[in-house]
Amino acid sequence: GGGGAGLWALSGGGWSGIRRGVVLPCDRRRFRTASVTGRPGDWGPLYDRVLNEVETVGDLVVEEQTSAEADYAAANLAILNEAVRLGKELNQPVAAALVWDGVSRGEADITEKFGLEARKRGLALIEVKTV
């Protein structure tokens, strides 16, 4: 996964003055346990700092659903919808980025579905391969 890359980008990654928005598929604590601290690397403190900053300015969205797969699917749609909305508001082009190995895991592949939904909306798609 690209969780570390995503956190690094959200933390600034050398950029300043960029507005950041975060959409989580479940509450902060549950996502931290499932997708941040349960992965290789010490990403917990960075996750906490980024989420605190984003939440303070009101740009944290939590999409609670009834199952883990529904959580992630709903979060992906919210991310794309928000990106399109902001692009129109700011009159700026919008692109979606996939950080993955490029291999479909079939019908349940949430990353692949994100890319397909982005293409449906006419967004440019940037693929960052992890292999």
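The values are calculated or read from the model by the stated rules, or taken from the named source; none is laboratory data. What you see is a predicted model; the values in this text were computed from it and never measured. Glycine also receives a Cβ, built like all others from the backbone with ideal geometry; neighbour counts cover every protein chain displayed. Calculation scope for accessible area: heavy atoms of the full protein, side chains included, ligands and nucleic acids excluded. Shrake-Rupley method; radii C 1.70, N 1.55, O 1.52, S 1.80 Å.
The residues in segment 108-121 that are touching a helix residue (DSSP H, G or I) at 6+ places or on another chain (Cβ under 9 Å), of a type outside the set (A, V, I, L, M, F, W, C) and part of a loop (DSSP other than H, G, I, E, B) can be counted, and the count is 1.
Listed by first and then second residue, the pairs with beta-carbon distance under 8 Å, at least 6 apart or on different chains, first residue in segment 46-63 and more than 18 Å from Cys26 (Cβ to Cβ), second of a type in the set (A, V, I, L, M), are Leu46/Leu7. Select from segment 32-45 the residues that are among the hydrophobic types (A, V, I, L, M, F, W, C) and either touching a Gly at 6+ places or on another chain (Cβ under 9 Å) or buried (at least 17 other Cβ atoms within 10 Å of the Cβ) (or both) and list them in ascending order. Val36, Trp43 - these are the residues of segment 32-45 that are among the hydrophobic types (A, V, I, L, M, F, W, C) and either touching a Gly at 6+ places or on another chain (Cβ under 9 Å) or buried (at least 17 other Cβ atoms within 10 Å of the Cβ) (or both). Scanning segment 25-78 for residues that are in contact with a helix residue (DSSP H, G or I) (Cβ under 6 Å, 6 or more places away or on another chain), assigned to a loop (DSSP other than H, G, I, E, B) and polar (S, T, N, Q) yields Thr37, Gln65. Exactly one residue out of Thr66, Thr56, Thr130 is open to solvent by 90 Å² or more (accessible area, probe 1.4 Å), of a type in the set (S, T, N, Q), more than 15 Å from the chain's Cα centre (by Cα) and at pLDDT below 80: that is Thr66. Residue-level analysis places Gly6 among those that are surrounded by 15 or more Cβ atoms within 10 Å (Cβ to Cβ), modelled with pLDDT under 80 and not acidic (Asp, Glu).
Among the residues of segment 79-92, are any among the small types (Gly, Ala, Ser), more than 16 Å from the chain's Cα centre (by Cα), outside any loop (DSSP other than H, G, I, E, B) and farther than 16 Å from Pro25 by Cα? Yes: one or more hits.
Working only within segment 92-125, note down all residues that are of a type outside the set (A, V, I, L, M, F, W, C), without any contact (Cβ under 8 Å) to a residue 40 or more places away in the chain and open to solvent by 70 Å² or more (accessible area, probe 1.4 Å).
If the condition is that a residue be of a type outside the set (A, V, I, L, M, F, W, C), without any contact (Cβ under 8 Å) to a residue 40 or more places away in the chain and open to solvent by 70 Å² or more (accessible area, probe 1.4 Å), then Gln92, Pro93, Arg105, Glu107, Arg119, Lys120 are the ones that fit.
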